[in-house]
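Inspection log for the structure reproduced underneath, given as structure tokens.
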Amino acid sequence: MPDETAPPVIMVIEDKKSMAEMLAKTLESEGYRAVTASSGEDGVALAVKERVDLVLTDLKLPGMSGLDALRSIKEKRPFLPVIMMTAFGTIETAVEAVKAGAFDFITKPFYTSHLLVLIKRALDTGRLEAENFVLKEEFADVLGFPKIVGRSAPLMEVVKLVKKAAPTKATVLITGESGTGKELFARALHHLSTRASGPFIPINCAAIPRDLLESELFGHEKGAFTGAEARRIGKFELADKGTVFLDEIGEMDLGIQAKLLRVLQGERIERVGGSEPILVDVRVVAASNRDLAKAAAEGRFREDLFYRLNVFPLHIPPLRERADDIPSIARHFAQYYCTEMKKQQLHITGAAMEALVAHPWKGNVRELANCMERAAILAEGGEITPDLLGMPVPVEAYVSKISSEVPSEAPAEGLQAVAERAARGAEIRAISSALAACQGNKTRAAEALGVSYKTLLTKIKDYGIV
Ligand SMILES: Nc1ncnc2c1ncn2[C@@H]1O[C@H](COP(=O)(O)OP(=O)(O)OP(=O)(O)O)[C@@H](O)[C@H]1O
Ligand SMILES: [Mg+2]
């Protein structure tokens, strides 16, 4: 496992050997690791192949100029900060360098202290830039990492394992039913790791069409395929020094699985249509609600990838197997939604809590959260009573009730009946969520649904929506 606390690596591109050696020595005495390159060409090659966190380059070099080296490096590693060293009198070129993406320039001769301040700032900014880019791309959760609620023994086991796995670079495979908190724990792993200040990039493998997933993960070069009008930086490159969360990995195409395996083994990625491998420092956390071992045995998932991902398995038990967590999670979400809706805090009555603890929660914590949101909307008089808990269930129940209206021994259902049944199900869902969104206000819900108040009332009555 690579050392997560390794010092930043600074590459010095300088053709004058004595100057390169002097700089390397100074940097190492400050706790950095220094590598040197004596030409622009060598520097560019090193920046792509080796771990480099900052480049310090001379402007005047034999062969490729420092400015061209800068452009080439920025093209391949957009977030790698570059500081340009220039001789007195070349200020115009220095300005050009900054325009081409250099972090800053420093005029020779310079004070070491000045250079060290610049380096420190550049290293911090490089990280921030990558994060901001990610923020814009992902509309990342501004609230950051939410709290993990629950103190049941099975949940504490998971928390213990998360704490053990976090400081390592081991690949973690999180399994568990839908809504158990797989993404939440993936974020916790990232936040507890030494990569916490790096980006956390989630990718839902099931939500991206197969043809686009490869370029989404690894990026592509301009013209790599029809429609690739510009270069695109992939999620693995964006996640440099951070964590990539591959959600629903069981849905990943076998061809991309092979490419992912190569990345996991070599820590290098290749953009679609690109010719050079690019070094990335990424920790991979994957999640699946499918049994991947079984999928691998049946040939639907690559066995070698499964073993590579499963270095550190983390199973999150379903909520019904840790019913001790239900009261605290229910109270947590009731409080959360009341605060959000600026409503008075609600007390969950004993009978309501009993019903909550007894419920099977097939949708796990997410279903419980939804149930509390609806109860919070409906509650009057400061209490959540059992009659308020029915909300999320009826929607499903009505749909299944409608489904069961078709006798099972009936001959193949006519298309019209299928369409009508589907439409009724869809209407019930739309009405329920409109009511929830409008906090039970039927006038506003009717407006949102584009029907008259009377039509909405009739439908609510017909479908028996509470
Ligand atoms: N222990 C917990 N404490 C507080 N909130 C939780 C807990 N577990 C899950 N949640 C919340 O429940 C919701 C569902 O969790 P999450 O999205 O992590 O589940 P998931 O396993 O990734 O689900 P899916 O398989 O459907 O993607 C989220 O809003 C999450 O913050
Ligand atoms: Mg998820």
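The values are calculated or read from the model by the stated rules, or taken from the named source; none is laboratory data. Computed from a predicted structure; not experimentally measured. For neighbour counting, all protein chains shown are included, and Cβ atoms are generated from backbone atoms with ideal geometry for every residue, glycine included. Note: accessible area is taken over every heavy atom of the protein model, side chains too, but ligands, DNA and RNA are not part of it. Shrake-Rupley method; radii C 1.70, N 1.55, O 1.52, S 1.80 Å.
Structure data summary
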item	result
Ranking by accessible area, most exposed first, for Asp387, Asp211 with a 1.4 Å probe	Asp211, Asp387
Selection from Ala352, Phe301, Gln335, by position along the positive dipole direction of the range 283-352 (Cβ)	Gln335
Unit charges at the beta carbon, dipole of the chain: most positive-side option, Pro7, Leu213, Ala239	Pro7
Separation of alpha-carbon centers, the range 207-243 and the range 55-106, rounded to whole Å	27 Å
Overall form of the chain per C-alpha gyration tensor (a/c, 1.5; a/b vs b/c)	prolate
Accessible area of Leu192 in the full protein assembly, 1.4 Å probe (Å², nearest 10)	90 Å²
Positive-end residue of Ser39, Leu115, Ser275, charge dipole of the chain with Cβ unit charges	Leu115
Probe 1.4 Å - accessible area at Val451, Å² to nearest ten	60 Å²
Total charge dipole magnitude, the chain, about the Cα centre, Cβ charges on Lys, Arg, Asp, Glu only, Debye to nearest 20	580 debye
Loop-resident sites, the range 247-330, for GluC sites (Glu not before Pro), counting at most 11 other Cβ within 10 Å (DSSP)	Glu298
Folded to 0 to 90 degrees: helix 40-49 orientation relative to the chain principal axis, Cα	30 degrees
Average Cα contact separation per residue, the chain, under 8 Å, 6 or more apart, as relative contact order %	11 percent
Simple label model, 7 Å out from Cα along Cβ direction - Gln439 to Lys60, nm	7.1 nm
Between helix 326-340 and the chain: long-axis angle, C-alpha atoms, 0 to 90°, nearest 10	80 degrees
Exposure of Cys438 as accessible area (Å², to 10), given a probe of 1.4 Å and all protein chains	10 Å²
Ranking by accessible area, most exposed first, for Glu75, Glu367 with a 1.4 Å probe	Glu75, Glu367
The range 210-265 - percent relative contact order, Cα under 8 Å, separation 6 or more	28 percent
Extension reserve of the Glu30-Ala45 stretch, reckoned as 0.36 nm per residue once the Cα distance is removed	2.9 nm
Helix axis angle, 415-437 relative to the chain longest principal axis, alpha carbon, degrees	70 degrees
Convex hull per residue volume in Å³, alpha carbons only, for the range 1-114	102 Å³
Cα gyration tensor shape for the range 1-68, rounded if a/c is under 1.5, else prolate or oblate	oblate
